[in-house]
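For reference, the structure discussed in these notes is given below.
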Amino acid sequence: MTILDIRVLGDQILRQAAVPVDVMTPDIQRLIDDMFETMHHARGIGLAAPQVGRTERLAVLDLGKDPFVIINPDIVLSSAGKAKGEEGCLSIPDIYADVERPKSVTVMALDRNMKPFQREATDLLARCLQHEIDHLDGKLFLDYLSVLKRTAALAKWKLQADDYPGYIRRVSLETPEDLDEHQHPDEEL
Ligand code: ZN
């Protein structure tokens, strides 16, 4: 398995809608494995294909005990009740903000054998699913912030954007010690 580079804010691929997967291929199986590897190395809990420069409509998630992939996911039900929680993003390192989202969602997707499944989720898993599916629609958590908070987040981002030439974050060169010091490892998606 390979640890992939992560595309960071500014790379246009993060703003494009992903393309549904029609057939499973060995290449996509490898992509899924590499995405799990990359997400774990970066201590994230979710990672979507556009974040590693790919256009497939799929994402991987792992909140600690049950890693799974969602292929061609759709949110088929969202609760009226909302919840606010802090979010970060592997593609926007070190930037965190509170985002309000539906507290629970039901997602339909395919698994890595292209078998359909449905998943009801609440709290952190619901938040993570929504964040990843947003990535597949070209959307980022910054889009939910007020103008004031977004401007502040972007100003902070600007100070460190030079660390990622070509909008590329070389996760394979980062050590877990770096991550412990500078990040909230539980909240990056
Ligand atoms: Zn993200």
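The values are calculated or read from the model by the stated rules, or taken from the named source; none is laboratory data. Since the model is a prediction, treat every value here as computed from it, not as a measurement. Don't worry about glycine lacking a Cβ; one is built from the backbone with ideal geometry, like all the others, and counts go over all protein chains shown. Side chains are part of the model used for accessible areas, which takes the heavy atoms of the whole protein and leaves out ligands, DNA and RNA. Shrake-Rupley method; radii C 1.70, N 1.55, O 1.52, S 1.80 Å.
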Applying the Karplus parametrisation 6.51 cos²θ - 1.76 cosθ + 1.60 with θ = phi - 60° to the phi angles of segment 109-119, what ³J(HN,Hα) value in whole Hz is obtained for each residue in order, glycine and proline being reported as x? 7, 9, 8, 6, 9, 6, 9, x, 8, 10, 9
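With all protein chains present and a 1.4 Å probe, how do Asp27, Asp22 order by accessible area, largest first? Don't jump to the answer; show the numbers that get you there.
Numbers: Asp27 70, Asp22 135 Å².
The ordering from most to least exposed comes out as Asp22, Asp27.
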Show the residues, 5+ positions off or on another chain, whose built amide H is closer than 5 Å to the amide H of Ile168. Val8
Approximate spin-label separation Lys115-Thr25, in nm, with each point projected 7 Å along Cα-to-Cβ: 2.4 nm
The chain, Gaussian network, Cα under 10 Å: of Leu154, Leu124, Leu31, the residue fluctuating most is Leu154
Eight or more residues apart or on different chains, and alpha-carbon atoms under 23 Å: count the Lys pairs in the chain matching that. 15
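Apply the a/c threshold of 1.5 to the C-alpha gyration tensor of segment 96-166 and tell me whether it is rounded, prolate or oblate.
Verdict is oblate for segment 96-166.
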Taking a point 7 angstrom from the Cα of Lys84 along the C-beta vector, which residues in segment 125-155 have backbone N less than 12 Å away? 146
Note to self: C-alpha centroids of segment 103-179 and segment 4-22 sit apart, in Å, by 11 Å
Once you sort the root eigenvalues of the Cα gyration tensor of the chain as a ≥ b ≥ c, which label holds: rounded (a/c under 1.5), prolate (a/b larger than b/c) or oblate (the other case)? oblate
